[in-house]
Amino acid sequence: MSKKKISLSVLIIGFIIGVIFWGAFNWTLELTNTEQFCISCHEMRDNVYVEYKDTIHYANRTGVRATCPDCHVPREWIYKIRRKIQASNELYHKALGTIDTREKFEAKRLELARHEWVRMKENDSRECRNCHNYDDMDYPSQGRRAVDNHVKGFANGETCIDCHKGVAHELPDMFEDDASAVLLKH
């Protein structure tokens, strides 16, 4: 066999292995980006998922449901990969049993919420805007208070999480009177 045929064979085999690897990687990435995967851990299923089922993001008049990844995983590939790498810390804490009981979860709830609030504040509530677009808001259908708060908030550079903490999960017990003070202390 000539060197040219060997080189071509190695190139073709390498390409096929690369395609298989890339496909397996993306398949795994998407598998871990489902609500079923998220609630496969009893920590999530028995705590935040139960709360979420009682919110407008789970059941509403339109039948549109936001799932765990819709709110907690960016859609854009580079941000999704970064979030998945950060989430590997959750696997570490799963192994440690950091929140494996309701009591442990409640004791960590404020800390966990702060992490999410800071993340969402830093990315301008990117995941909220996967479904909610400022420009598409139907202000005449909103209550006057909502319109006033949206207009004022957007003008002041605020983002969804500044006002909508607790929209999909119970708020943690906060000793401060102002939820934004909790955010700023982190």
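Just to verify a number: FRET efficiency for LYS152 and HIS72, C-beta to C-beta distance, R0 = 22 Å, to 0.05?
So the FRET efficiency works out to roughly 0.20.
Starting from region 1-71, pick out the trypsin sites (Lys or Arg not before Pro) whose DSSP state is loop and whose Cβ has at most 14 other Cβ atoms within 10 Å.
Answer in residue order: LYS53, ARG61, ARG65.
Using the Karplus equation 6.51 cos²θ - 1.76 cosθ + 1.60 (θ = phi - 60°), what ³J(HN,Hα) coupling, rounded to whole Hz, does each residue of region 32-41 give in order, writing x for Gly and Pro?
Per residue, the Karplus-derived 3J(HN,Hα) values read 7, 10, 10, 4, 4, 5, 4, 8, 6, 8 Hz.
Would you be so kind as to identify all helices of the chain, as entire DSSP H runs, whose Cα atoms reach 20 Å or more along the helix's own axis and whose mean Kyte-Doolittle hydropathy is at least 0.5?
3-31
Out of (1) 1, 8, 15, 21, 21, 16, 10, 5, 2, 0; (2) 1, 6, 11, 16, 18, 15, 9, 7, 5, 3, 3, 2, 2, 1, 0, 0; (3) 1, 8, 15, 18, 20, 15, 12, 6, 3, 1, 0, which label holds the value of P(r) over Cα pairs in 5 Å bins from 0, in percent that was computed here?
Of the listed options (1) 1, 8, 15, 21, 21, 16, 10, 5, 2, 0; (2) 1, 6, 11, 16, 18, 15, 9, 7, 5, 3, 3, 2, 2, 1, 0, 0; (3) 1, 8, 15, 18, 20, 15, 12, 6, 3, 1, 0, (2) comes from this structure.
Please report the net charge: other residues with Cβ closer than 10 Å to the Cβ of HIS72, K and R +1, D and E -1.
Every neighbour counted, the sum reads -1.
Do any GluC sites (Glu not before Pro) in region 44-109 lie in a loop, going by DSSP, with at most 12 other beta-carbon atoms within 10 Å of their beta carbon, and if so which?
For GluC sites (Glu not before Pro) across region 44-109 that sit outside H, G, I, E and B with at most 12 neighbouring Cβ atoms in 10 Å, the list reads GLU76.
Between VAL64 and GLU106, what FRET efficiency comes out of the Förster formula 1/(1 + (r/R0)^6) with R0 = 45 Å and r the beta carbon distance, rounded to 0.05?
0.90
Sort 20-29, 132-141 for me by packing, meaning the mean count of neighbouring Cβ atoms within 10 Å per residue, highest on top.
20-29, 132-141
Run down the lysines and flag those whose C-alpha is under 17 Å from the C-alpha of LYS104, throwing out any fewer than 8 positions away in its chain.
Reachable lysines: LYS94.
On a 25 Å Cα-Cα criterion, which of the cross-link pairs LYS108/LYS152; LYS80/LYS121; LYS84/LYS152 come out too long?
LYS108/LYS152; LYS84/LYS152
So, R0 is 35 Å and r is the distance between the beta-carbons of TYR79 and ASP173; what FRET efficiency does that work out to, to 0.05?
0.65
Please give the Cα centre distance for region 8-30 versus region 136-175, rounded to the nearest Å.
45
We did not get these values from a lab; they are worked out from the coordinates using the rules stated. If you're wondering where the values come from, they're calculated on a predicted model, not measured in any experiment. All Cβ positions, glycine included, derive from the backbone under ideal geometry; neighbour counts span all protein chains shown.
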